[in-house]
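Report on the following structure.
The values are calculated or read from the model by the stated rules, or taken from the named source; none is laboratory data. Quantities reported herein were computed from a predicted structural model and do not represent experimental measurements. So basically every Cβ, Gly included, is an ideal-geometry build from the backbone, and we count neighbours across all protein chains shown.
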Amino acid sequence: MPPPLTEPLTTLPNQPYRLSPEITIGPAPYTHSLLIVQAMQRQKFVRTTTVVHRTSRPKSSARAVLGLFFAGVRNFNSSAPVTVPLPAFRRMAPLATLEYASNAPEPISANEPEEPSYPRLAKHHLLPSNTPDYLRLILNAKVYEILKETPLIPATNLSSKLGNEIYLKREDLQEVFSFKIRGAYNFMANLNEEERWKGVVTCSAGNHAQGVALSGARLGIPCTIVMPKGTPTIKVRNVARLGAKVVLHGDDFDEAKAECSRLANVHGLAFVPPYDDPLVIAGQGTVGMEILKQVPHSDKIDAIFGAVGGGGLVAGISEYVKRIGSPNTKVIGVETFDGDAMARSIAKGERVILREVGPFSDGTAVKIVGAEPFRICKQLLDEIVIVDNDEICAAIKDIFEDTRSVTEPAGALALAGLKRYIIKNNLIGAQKKFVAVVSGANMNFDRLRFVAERAELGKSHPHTHTYPSPEDVPKSLTEFIYRYNLSGDGDRAHVFLSFKLDTPNRTAEVHQVLSALEAEDMKGFDISDDELAKSHARYMIGGCHAVPNERIFRFVTHVFNQRMLHWFFPPQSLPRAHNSAGWRNHREKQLFLNDLVPCGWNISLFHYRNHGGDLGKVLAGVQVPPSDYEAFDAYLQKLDYSYVEETDNPVYRRYLRG
């Protein structure tokens with residue numbers, strides 16, 4: 001049985017987070033809250049979807065709630081941490097649909113030697129310890145044959161909000177919109193004549209592929225890029241337009257990597273690694289060299305933040321900054337909560353393989369970090385900060401507000417970690433000097449909706465000295481949903497609302513709002529941290545039905561592909577319907593339904609929503625008699641879907657079940 005998502009993670013040095021059944025965050029980095037408000041309703045207002053609270057005044061509850069917010073609600077300051085409970089999460093091992101989420105090894109030796117060897121490096125590039133002299137390699141990197149230094153700009157708006165001096169290193173302005181060109185070019189520029197004549201091969205559908213393709217075009221080296229058959233057309237075109245040969249092979253990256261390895265062996269092609277090579281790391285390390293040259297009074301830099309996927313970027317930055325920079329300058333890596341391979345590896349003292357990685361920050365979705373980056377990071381990296389997808393979305397918005405540029409999730413990862421670090425260490429207004437590497441801007445357009453919706457929930461919006469007093473400021477409502485309760489309780493209505501906070505202390509401010517609602521005879525509940533509420537319940541408020549033997553499951557589905565079809569029944573088993581709700585086609589929807597109920601269990605609730613590359617999320621209710629519990633649970637374990645049972649979730653019990 002695979003381990004749950006909540007398996008403990010040893011705390012790293014100087015790293016006060018712990019991935020366990022509870023995550024403690026304080027002060028909470030939010031400026032947005034979601035509330036459910038219960039109020040009494042009168043029949044005369046049903047047709048106009050307004051509600052009346054339990055007083056003698058003929059005033060609608062919806063108006064009462066709105067009145068509280070537009071009149072302003074006093075809030076208090078407190079630094080009490082917020083404890084967010086996490087439900088038990090079964091993690092299944094799906095097919096690899098992400099570039100770095102594959103279980104297949106890179107097309108090099110799968111047996112990691114006890115002592116690393118560096119066959120491509122000359123003796124004068126090695127230290128007495130027989131490890132690479134990265135200072136020499138970085139200073140002699142050939143990246144400036146193809147690119148110029150990228151700008152480093154002050155993040156004026158964010159610096160003002162956070163009370164610190166924040167700079168953005170704009171690697172998103174590279175010709176391929178990513179720092180990956182540095183490592184790819186430096187590696188390929190050091191190939192010998194025979195290797196150049198034969199050509200190179202790599203397996204990628206992202207930033208690394210474009211970096212290899214552009215490097216090949218400039219160096220006159222034939223390039224072959226292997227991608228899975230289902231790779232979006234736009235990614236294929238982006239690589240092909242740079243002159244590389246694209247080979248579409250296999251249904252996922254496991255098969256694509258196997259083909260890449262075969263081509264390298266059969267044709268004698270040099271494999272260009274995305275991060276696990278000294279020459280690649282040295283190329284990425286030029287980012288650190290430029291930062292120290294560009295930041296005013298660079299000896300005063302307190303910390304440099306970089307995204308961690310395979311580890312090449314932060315490894316290269318660490319090697320240079322720790323040799324040349326101030327001893328007080330920290331290099332801090334940033335990972336996602338569902339892609340923390342480096343954090344787990346450092347905690348354990350050896351490289352670990354994640355069972356599954358989240359696809360939202362696809363540029364850093366790595367199951368196992370590189371051997372050489374790991375060797376470097378465990379020695380030089382000062383800390384690793386873990387962030388969630390909402391915080392990444394907020395960082396994308398922050399970058400946009402300061403630069404009018406839209407980055408990809410991995411590109412904003414470093415800034416998300418920088419913000420979390422400031423809040424976690426109570427550094428708001430500390431006037432420290434920080435740098436975040438904006439690593440890429442290859443954003444998939446279909447993710448923009450998810451980013452816009454979730455940015456406010458993850459946005460850090462601290463109190464500033466010029467901010468008006470909270471009691472004088474009306475609450476800014478961003479969402480207000482009301483639906484008449486059809487469960488038979490005719491005098492009770494449910495109102496869903498979302499509003500912006502005025503201070504960085506969410507706990508105290510939300511408590512004050514709830515107290516104000518209570519004084520008006522309206523019961524409110526804060527559901528800002530409930531994933532079921534954010535993903536599904538917000539669209540189903542009022543739909544309460546007492547369905548016998550109903551069990552609720554929240555499924556996390558990745559990209560559907562052909563290899564999954566063996567789980568499903570023929571498509572004619574369900575009536576034809578027009579494509580809706582974000583499924584790529586009707587077949588995908590009906591296949592999921594048939595997979596879920598092959599043994600006669602009735603689906604009583606179904607809600608699907610695609611989150612623009614984050615995850616495909618399904619909420620399903622299934623009628624399962626108690627006598628079938630064992631058989632049903634056994635069947636769920638056979639499915640290649642991660643899931644959480646939400647039957648006991650208070651949001652479901654209170655608002656979806658009669």
Review point. Just one of SER298, SER361, SER405 is of a type outside the set (Val, Ile, Thr) and buried (at least 24 other Cβ atoms within 10 Å of the Cβ); which is it?
Key: SER361
Check your understanding: Of the residues that make up the stretch 411-434, is at least one closer than 25 Å to ILE166 by Cβ, among the aromatic types (Phe, Trp, Tyr) and part of a strand (DSSP E or B)?
Key -> yes
Exercise for review: From (1) in contact with a Phe, Trp or Tyr (Cβ under 8 Å, 6 or more places away or on another chain); (2) over 22 Å from VAL287 (Cβ atoms), pick out the condition that doesn't hold for GLU195.
Suggested key: (1)
Check your understanding: Which is in contact with a helix residue (DSSP H, G or I) (Cβ under 7 Å, 6 or more places away or on another chain), among the aliphatic types (A, V, I, L, M) and either free of Cβ contacts under 8 Å to residues at least 12 places away in the same chain or over 18 Å from PRO274 (Cα atoms) (or both), of ILE166, ILE181?
Key -> ILE166
Practice item. Select, from ALA341, ALA365, the only residue that is at pLDDT 90 or above, under 23 Å from the mean Cα position of the chain (by Cα) and either under 23 Å from VAL435 (Cβ atoms) or not polar (S, T, N, Q) (or both). Key: ALA341
Practice item. Would you check if ASP254 is in a helix (DSSP H, G or I), surrounded by fewer than 16 Cβ atoms within 10 Å (Cβ to Cβ) and acidic (Asp, Glu)? Key: no
Exercise for review: Would you check if GLU372 is under 12 Å from ALA412 (Cα atoms) and touching a residue at least 12 places away in the same chain (Cβ under 8 Å)?
Suggested key: no
Check your understanding: Mind checking whether some residue in the stretch 113-124 is over 30 Å from LEU636 (Cα atoms), outside any loop (DSSP other than H, G, I, E, B) and at pLDDT 50 or above?
Key -> yes
Practice item. Would you tally the residues in the stretch 258-284 being closer than 14 Å to VAL200 by Cα and not hydrophobic (A, V, I, L, M, F, W, C)? Key: 8
**Study point:** Residue count, the stretch 353-393 (criterion: aliphatic (A, V, I, L, M) and under 15 Å from GLY333 (Cα atoms))
**Key:** 11
Point to revise | Every residue from the stretch 632-642 that is at pLDDT 85 or above and surrounded by 13 or more Cβ atoms within 10 Å (Cβ to Cβ) | key: PHE632
Check your understanding: Which helices (runs of 4 or more DSSP H) sit wholly inside the stretch 127-245 and have at least 1 residues that are in contact with a strand residue (DSSP E or B) (Cβ under 7 Å, 6 or more places away or on another chain) and surrounded by fewer than 20 Cβ atoms within 10 Å (Cβ to Cβ)?
Key -> 156-162, 193-198, 233-240
Point to revise | Unmet requirement for LEU292, which otherwise passes all of (1) touching a residue at least 60 places away in the same chain (Cβ under 8 Å); (2) of a type in the set (A, V, I, L, M); (3) out of contact with any Leu (no Cβ under 6 Å at 6 or more places or on another chain) | key: (1)
Study note, to complete from the structure: Scanning the stretch 516-536 for residues that are assigned to a helix (DSSP H, G or I), over 23 Å from VAL451 (Cβ atoms), out of contact with any helix residue (DSSP H, G or I) (no Cβ under 6 Å at 6 or more places or on another chain) and in contact (Cβ under 8 Å) with a residue 40 or more places away in the chain gives LEU517
Review point. So which residues in the stretch 318-327 are at pLDDT below 95 and either of a type in the set (S, T, N, Q) or under 27 Å from the mean Cα position of the chain (by Cα) (or both)?
Key: SER326
